[in-house]
Amino acid sequence: MAKKLQFFVAGLGRFGISVAVTLEKMGYDVMAMDIDEEVVQDLSDTLGYVVCADCSDEKNLVAIGAGNADIAVVSVGDLSASLMTTLLLKEMGVKKIVVKALDPIHGKMLQKIGADKIIYSEKEMGVRVAHNLISPGIVDYIEMENNITILSIRVPQEWVNKSLIDTDVRRKYNITVVAIKRGGDMFVNPRPDMNMKEQDTLIILGDSESVKRVTESLEQ
């Protein structure tokens, strides 16, 4: 059985909270840290392990065990603290560090010190909103590296009450349905004979060109 990923989130502003709470709800182990005691207190019942401390101080990172994380997300609003936290996590051996940049210059600095992925949240949110405006059937749209896209869509009308075998989406669109969300349930790696319902949300994965064909079909 594969080891469950561990996450460390530094900085609990809107972006950091969104990431931490989403991961926690998905069942992952999340460690989180913020310097604002009120914020930490508000999240104490939501997150399993959240502490009030300065994440740019190495001893605090060591104390929470941040070096044991597989992936760290740095979402600190202060430029110097963001850089220091990223550098310390890198030195502690965290395999992947994702950092929210304040601006392009900050992003270049982060790249220089070894951040694995730079997030410009306003820009990326703009991409998502644009896709949602183009087609109301698109719930979410995330462009990843290596030309791969993850898309959340409402079930197209012609797919309702049909199975993945019936619709043959892998051959027709060159995409993979990795999960079906139905109400509060998430069916990961759904059975090929599972029928899709009108209120379902599909999580699909594919290259950008293949996903584009799916979005175009939703617009028709």
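The values are calculated or read from the model by the stated rules, or taken from the named source; none is laboratory data. As the structure is a prediction and not an experimental result, all values here were calculated from the model. Note: ideal-geometry Cβ built from the backbone for every residue, glycine included; neighbour counts use all protein chains shown. In case anyone asks, the SASA skips ligands and DNA or RNA and just uses the protein heavy atoms, side chains included. Shrake-Rupley method; radii C 1.70, N 1.55, O 1.52, S 1.80 Å.
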Find the residue count for the stretch 64-80, including only residues that are surrounded by 15 or more Cβ atoms within 10 Å (Cβ to Cβ) and within 17 Å of Val51 (Cα to Cα). 9
Residue identified as part of a helix (DSSP H, G or I) and touching a strand residue (DSSP E or B) at 6+ places or on another chain (Cβ under 6 Å) among Leu61, Leu83, Leu89, Leu47: Leu89
Going through the stretch 9-33 in order, the residues found to be surrounded by fewer than 20 Cβ atoms within 10 Å (Cβ to Cβ), in contact with a strand residue (DSSP E or B) (Cβ under 7 Å, 6 or more places away or on another chain) and not hydrophobic (A, V, I, L, M, F, W, C) are Tyr28, Asp29
For the stretch 46-65, pairs from a residue that is touching a residue at least 60 places away in the same chain (Cβ under 8 Å) to a residue that is open to solvent by 40 Å² or more (accessible area, probe 1.4 Å) and part of a strand (DSSP E or B), with Cβ under 6 Å and 6 or more apart or across chains, are none
Considering each residue of the stretch 163-185, count those that are closer than 13 Å to Leu202 by Cα, touching a residue at least 12 places away in the same chain (Cβ under 8 Å) and not in a helix (DSSP H, G or I), and give that number. 10
Candidate set: the stretch 34-60, residues that are within 17 Å of Thr85 (Cβ to Cβ) and in contact with a Leu (Cβ under 8 Å, 6 or more places away or on another chain); chosen: the one most open to solvent (accessible area, probe 1.4 Å): Glu58
Which condition does Asn132 not pass, out of (1) at pLDDT below 85; (2) open to solvent by less than 60 Å² (accessible area, probe 1.4 Å); (3) assigned to a strand (DSSP E or B), if it passes all the others? (3)
Suppose the filter is in contact (Cβ under 8 Å) with a residue 24 or more places away in the chain and open to solvent by 50 Å² or more (accessible area, probe 1.4 Å); does Gln6 pass it? yes
